[in-house]
Amino acid sequence: MNNQPKIYFAYGSNLNLEDMKVRCPTARLLGAGHAERHELMFRGHTPDTSFLTVVPSPDHFVPIAAFEVYEEDIRALDDYEDVQDNIYRTETMTFSIEGHGEVEGFWYVMNGGDKLPPTQRYWDTVVQGYKDFHFDVKLLEEALTR
C-alpha cells in the first residue's frame, strides 16, 4: 500500500478549514496561492446541487490552498466530490504556493453542469473558507454572474 502524500489544491468548500479537518483529518495545510489563467463558476446538474468549479480563463485567477493529503483523505475527497458518479474529475496541475514555489498537485473539476445558484448552506461554507484564508469574497460574488 502506497501512502505517500499528494498535494491537493482546494478552491471551494474545502477552503473551510473546520470542514476540511473533519473530512480529511490527516491533511496538512501547506499554504495559499493562485491558480493563474482560471476562473470560478457555479455549476450544477439539479437546482440543489450547484457547486463551484474552475474553467480556463486567460485574464482571471482563482485563490487556492494547497494541502498535503494521504490515501484516506483522497478517498474522502473523491466521495465528497462525487467522483464515482462522474460529477467531478481530478486534473493534475502545477501552481505557485507561498513558501513552497511551484508545486504539482491535483484539483477537482466539474464535468458539465448548468449555471445555477448555490444553496445558502454551500455559499456560507465557501464564504467561511474565503475568510479563513483572507481571500477576497468579491471573487465569489463575481462567480455568481458567470
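Laboratory data are not the source of any read-out in this text; all were calculated from the coordinates shown. Everything numeric here is computed off the predicted structure, so don't read it as measured data. When we count neighbours, we look across all protein chains shown, and the Cβ atoms used for this are built from the backbone with ideal geometry, even at glycine.
Each other residue within a Cβ distance under 15 Å of Pro25 adds +1 if Lys or Arg and -1 if Asp or Glu, for a net charge of -3. Simple spin-label estimate for Lys21 and Asp114 gives 3.9 nm between the two label positions (7 Å along the Cα-to-Cβ direction from each Cα). Summing charges over all other residues whose Cβ lies under 9 Å from the Cβ of Gly44, with Lys and Arg as +1 and Asp and Glu as -1, gives 0. Please give the residues of the range 26-48, grouped as numeric ranges, whose backbone N is less than 18 Å from a label point set 7 Å along the Cα-to-Cβ vector of Thr94. Residues passing the 18 Å test: 33-38. Remark: the chain carries a charge dipole of roughly 140 debye about the Cα centre, counting +1 on each Lys and Arg Cβ and -1 on each Asp and Glu Cβ. Ranked by how many other Cβ atoms sit within 10 Å of their own Cβ, fewest first, the residues Tyr8, Tyr80, Tyr88 fall in the order Tyr80, Tyr88, Tyr8. The stretch between Glu104 and Asp59, if pulled fully straight at 0.36 nm per residue, gains 14.0 nm over its current Cα-Cα span. Largest mean-square fluctuation among Pro63, Pro118, Pro47, in a Gaussian network model of the chain whose springs join Cα atoms under 10 Å apart, belongs to Pro47. For the chain, modelled as a GNM whose springs connect Cα atoms under 10 angstrom apart, the maximal fluctuation among Asp78, Asp59, Asp132 occurs at Asp59.
Our helix-only sum for the chain, with -39,500 (n - 2.57) per DSSP H run of n ≥ 4 divided by its residues, gives a mean residue ellipticity at 222 nm of -7000 deg cm²/dmol. Measuring nothing but how far apart in sequence close Cα pairs (under 8 Å, 6+ apart) lie, relative to its length, the range 39-101 scores a relative contact order of 20 percent. Think of the range 6-140 as having a plus end and a minus end, set by charges on the Cβ of Lys, Arg, Asp and Glu; of Ala35, His134, His45, His134 sits farthest toward the positive end of this dipole. Shown here: mean projected area of the Cα convex hull in nm², derived from the displayed model; of the candidates (1) 8.3; (2) 11.8; (3) 11.3, it corresponds to (1). Over the chain, Cα pairs under 8 Å with separation of 6+ residues give a relative contact order of 34 percent.
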